[in-house]
1. For Ala167, indicate whether it is surrounded by 21 or more Cβ atoms within 10 Å (Cβ to Cβ) and either closer than 24 Å to Leu87 by Cβ or acidic (Asp, Glu) (or both).
2. What do you reckon, is Ala275 open to solvent by 40 Å² or more (accessible area, probe 1.4 Å) and of a type in the set (Gly, Ala, Ser)?
3. Out of curiosity, is Ala228 open to solvent by less than 60 Å² (accessible area, probe 1.4 Å) and without any contact (Cβ under 8 Å) to a residue 12 or more places away in the chain?
4. Hey, can you tell me all the residues within segment 244-284 that are on the phi > 0 side of the Ramachandran plot and within 18 Å of the chain's Cα centre (by Cα)?
5. Please go through segment 113-131 and give me each residue that is crowded, with 19+ Cβ neighbours inside 10 Å and over 21 Å from Asn169 (Cα atoms), ordered by number.
6. Which condition does Asp213 not pass, out of (1) of a type in the set (Asp, Glu); (2) within 26 Å of Asp191 (Cβ to Cβ); (3) open to solvent by 30 Å² or more (accessible area, probe 1.4 Å), if it passes all the others?
7. How many residues, within segment 141-161, are in contact with a Gly (Cβ under 6 Å, 6 or more places away or on another chain) and open to solvent by 10 Å² or more (accessible area, probe 1.4 Å)?
Amino acid sequence: MNQHGRLCLLPNFCKGGTHSGAEQDWLPPGFPRSWRVPVIDYLFSVAPVRKAIWRLWYPFLTRRLRGDGVLFLNYAFEEVPPMNLPLTSGDEPNRACIQLYHHVATQAPLAGKNILEVSCGHGGGASYLTRTLQPKSYTGLDLNPTGISFCRERHKLSGLEFVHGDAGNLPFGPERFDAVINVEASHCYPDFPRFLGEVARVLRPGGHFLYADFRFRERWDEWDAALAAAPLKLQHTRNINAEVRRGMEQNSARSEALIARHLPKFLHGLGRDFAGTRGSRIYNALADGELSYRSYCFVKPGVNAAAGAP
């Protein structure tokens, strides 16, 4: 997203940043420099085109990263003092990313509940939460069919399923889930208010929307207004800029290695922004306050007859 509030194609498709010379280099050498930024801005001003680009980007990313078993596409989280979650040896390499999921999901009790995660990525968070919080069922949904195939092959757990679908048109009946989780994805959606309406539709009365994402300063009012207008009641929110930045620092070296192995050189700067490595524009924006990363817990008003709770 640039300083005028228009979305940029890269450095990170969804995780936009302010303009510098870097994102002008995403096109192959020889493309007229004077066309680059205007073309990017125009493409992302058209929601269907923007969505079509994401449909290409994320399968590309899954294919590139499959061999390394990358299970998380979100940023990360670390507190002071450290959270020190007890993790298995298999989960330990993904500690910082897992801690973001843990922070978001533990805002409400999920044991024995039916959970939906919208935009589940490569399924690492879905797997971790299924194994540790013990919901009755956990459904991970994503627009990326290649990613969903990866999830189905990689994460084979009782009660966990993965579904291909669109955040703006959830393929479920009303009042199906006790909680909906959404981690660092809604800034990609072409119609954020529609997504919030879909969340409310599939939640049971008394169910929770457990949410985390970021926006740049010029979109804060729009973000706040959409959340305030949603048919959901805010229970609490928290700015987690410092925690996310610490998590980025923990993951930075690993992310740099993945970028070097899997992206062509002309995309390395863009890949660093997508991954939030130390010194990237996203990393710096968290520090200087131009970007706000927040977690939220909402509840759907009404009474869940099964639970008897508001």
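The values are calculated or read from the model by the stated rules, or taken from the named source; none is laboratory data. Predicted model only: the values in this text are computed from it and were never measured. As a convention, Cβ positions derive from the backbone with ideal geometry for all residues, glycine included, and neighbour counts pool all protein chains shown. Heavy atoms of the whole protein, side chains included, go into the accessibility calculation; ligands, DNA and RNA do not. Shrake-Rupley method; radii C 1.70, N 1.55, O 1.52, S 1.80 Å.
1. On the way: surrounded by 21 or more Cβ atoms within 10 Å (Cβ to Cβ): yes; either closer than 24 Å to Leu87 by Cβ or acidic (Asp, Glu) (or both): no.
Criteria not met by Ala167.
2. On the way: open to solvent by 40 Å² or more (accessible area, probe 1.4 Å): no; of a type in the set (Gly, Ala, Ser): yes.
No.
3. Numbers: open to solvent by less than 60 Å² (accessible area, probe 1.4 Å): no; without any contact (Cβ under 8 Å) to a residue 12 or more places away in the chain: yes.
Against the criterion (open to solvent by less than 60 Å² (accessible area, probe 1.4 Å) and without any contact (Cβ under 8 Å) to a residue 12 or more places away in the chain), Ala228 does not qualify.
4. If we filter segment 244-284 for residues that are on the phi > 0 side of the Ramachandran plot, which is where we start, we get 276, 279.
Once the filter is applied, which keeps residues that are on the phi > 0 side of the Ramachandran plot and within 18 Å of the chain's Cα centre (by Cα), segment 244-284 yields only Gly276.
5. From segment 113-131, those crowded, with 19+ Cβ neighbours inside 10 Å are 113, 115-130; that's our starting set.
The answer is Lys113, Gly124, Gly125, Ser127, Tyr128, Leu129, Thr130.
6. (3)
7. The initial filter retains those residues of segment 141-161 that are in contact with a Gly (Cβ under 6 Å, 6 or more places away or on another chain), namely 141, 151, 155.
Then keep just the ones that are open to solvent by 10 Å² or more (accessible area, probe 1.4 Å); that gives 155.
Total meeting the criteria: 1.
Listed here are the residues, each with its yes/no results for (1) open to solvent by less than 20 Å² (accessible area, probe 1.4 Å); (2) in contact with a helix residue (DSSP H, G or I) (Cβ under 8 Å, 6 or more places away or on another chain); (3) not hydrophobic (A, V, I, L, M, F, W, C).
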| site | (1), (2), (3) |
| --- | --- |
| Leu71 | no, yes, no |
| Ala76 | yes, yes, no |
| Pro81 | no, no, yes |
| Arg95 | no, yes, yes |
| Tyr101 | yes, yes, yes |
| Gln134 | no, no, yes |
| Ser137 | no, no, yes |
